[in-house]
Amino acid sequence: MLRKLRARLTLLCAALCGLVVVGISAAALYATQTQYLDTCAQQNLRLATQLAARVAAEQSISRTVLSQAEQSENAVVALWDSGQPLRWGGGPQRQALVDAAVEEAGRNGIELGQNGTASTASFLLEAQNAHWRCSAVRLPTDTGSVAVLVIQPRGPEFAHLARLWGLFCLIGLAGLAAVSLLGWVFAGLAIRPVQAAQTQQAQFIAAASHELRGPLAVIRADSEAARLRPEQTDDFLQGIDREAARMGRLVDELLLLARMDAGGWQIQAAALEPETLVIETADRFLAQAARRGMRLEILLPDQPLPCVQGDEQRLEQVLGIFVENALSYAPPGTCVTLQAARCGDWVELCCIDQGPGVPPALRRHIFERFYRADSSRTDKQHFGLGLSVAAELAAAHGGSALVRAAQGGGACFVLRLPVRKG
């Protein structure tokens with residue numbers, strides 16, 4: 001699917017950029033071709049003008065000069081003196097070509113067989129199954145006028161234009177190939193986030209299925225055992241209830257993450273005092289900490305902290321996830337500390353434990369979904385989703401969740417929130 005998408009993006013890019021390349025190449029080719037043809041016309045007219053000026057000035061010109069001009073310029077030259085043609089060589093085909101050019105010159109406003117004022121004409125001629133470029137120039141003299149007609153074949157022009165077209169076609173094809181290659185590369189870069197999202201989604205579904213399989217297996221086993229041993233039904237029902245509650249927590253966390261991924265979840269923001277968040281969270285977990293033989297302490301600054309903007313229930317949920325994590329991983333007899341402090345434009349709510357801590361190499365992964373720092377743990381109360389939920393909730397409040405080493409060992413989980421403005 002992604003390969004097809006990449007191919008389509010590449011084709012779209014190649015098509016759009018190809019139109020641009022073709023347009024630019026066509027415009028450049030037209031300008032180059034027009035300039036070249038104008039240059040050919042100017043050179044043809046310049047040759048006729050130079051010969052006419054020389055004849056008018058000297059009142060004569062040798063056959064050798066005319067022959068050299070024809071050979072060097074690959075041209076046919078014809079002369080008129082006061083309307084009378086000066087025949088100096090050539091056969092019937094040459095004369096037929098000159099006659100056709102004279103007739104065309106007349107249609108372009110210059111009668112070479114008549115006396116007249118100074119005039120010039122440049123035109124194209126198709127005769128004798130070939131294409132010709134012609135220029136006619138008439139200049140006045142003391143005794144009348146002199147006229148010169150220069151006829152050049154357009155074969156060299158067409159050959160040059162063919163090479164020019166071929167060059168621009170090669171440039172266009174090379175540009176299109178380069179654009180297609182770049183399109184393929186950029187399309188790959190563009191779909192990389194989609195590919196990563198698909199991979200993450202597949203991993204998420206696989207991990208969620210694996211986590212759901214455990215409680216479902218226990219529920220099925222307990223229900224089968226209750227049927228076989230009715231006298232212990234109450235015990236088995238308690239096990240089913242525990243696993244159902246465990247599955248319910250997992251489903252709630254999955255639904256919360258799904259809503260946040262879909263963008264359909266909104267926070268109920270209000271101005272909150274960080275000290276209140278810390279105190280209320282500590283009150284919720286005092287009994288649980290005591291049952292585990294641990295202490296739960298609060299550390300607040302002497303000066304009141306600035307308010308933060310957020311959803312009280314969700315922020316307490318984040319702190320609760322941190323505390324539950326600390327109570328689960330820190331050994332009995334240790335202390336878990338909830339601390340609040342200001343750090344520039346941020347308020348940091350910290351949960352500090354005296355457990356094994358989180359190695360630096362694992363800190364970047366600790367907030368990934370279904371990730372456990374200790375893969376050997378079999379604690380059924382944790383699915384590897386809590387810290388992911390905490391990170392998502394923190395980000396939804398414009399803050400972040402992070403972990404660092406605590407002084408004296410252990411881990412320090414931090415909820416970082418921006419100070420409320422206004």
Which is modelled with pLDDT under 95, surrounded by 14 or more Cβ atoms within 10 Å (Cβ to Cβ), within 33 Å of the chain's Cα centre (by Cα) and under 24 Å from residue 304 (Cα atoms), of 362, 319, 402?
-> 402
Restrict the check to the stretch 121-129 and report whether at least one residue is assigned by TED's automatic domain parsing to the domain that holds residue 59, within 28 Å of residue 72 (Cα to Cα) and over 58 Å from the mean Cα position of the chain (by Cα).
-> yes
Condition check for residue 303: loosely packed, with under 13 Cβ neighbours inside 10 Å and at pLDDT below 90 | no
Which one of these is in contact (Cβ under 8 Å) with a residue 40 or more places away in the chain, touching a Gly at 6+ places or on another chain (Cβ under 9 Å), crowded, with 16+ Cβ neighbours inside 10 Å and more than 17 Å from residue 416 (Cβ to Cβ): 354, 309?
-> 354
Could you check, for the stretch 131-142, whether at least one of its residues is out of contact with any Lys or Arg (no Cβ under 8 Å at 6 or more places or on another chain), outside any helix (DSSP H, G or I) and at pLDDT below 85?
-> yes
List the number of the failed condition for residue 144; all other conditions in (1) surrounded by 12 or more Cβ atoms within 10 Å (Cβ to Cβ); (2) in the same structural domain as residue 106 (by TED's automatic domain parsing); (3) on the phi < 0 side of the Ramachandran plot hold.
-> (3)
Quick count over the stretch 35-64, residues being in a helix (DSSP H, G or I) and either acidic (Asp, Glu) or in contact with a Lys or Arg (Cβ under 8 Å, 6 or more places away or on another chain) (or both), is 6
May I ask you to verify whether residue 78 is in a strand (DSSP E or B) and either under 60 Å from the mean Cα position of the chain (by Cα) or of a type outside the set (Phe, Trp, Tyr) (or both)?
-> yes
How many residues are in a loop (DSSP other than H, G, I, E, B) and either of a type in the set (S, T, N, Q) or without any contact (Cβ under 8 Å) to a residue 24 or more places away in the chain (or both) if we restrict to the stretch 399-420?
-> 1
From 187, 121, grab the single residue that is modelled with pLDDT of 90 or more, in contact with a helix residue (DSSP H, G or I) (Cβ under 6 Å, 6 or more places away or on another chain) and surrounded by 14 or more Cβ atoms within 10 Å (Cβ to Cβ).
-> 121
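The values are calculated or read from the model by the stated rules, or taken from the named source; none is laboratory data. Keep in mind that what you see is a predicted model, and the values were worked out from it rather than measured. When we count neighbours, we look across all protein chains shown, and the Cβ atoms used for this are built from the backbone with ideal geometry, even at glycine.
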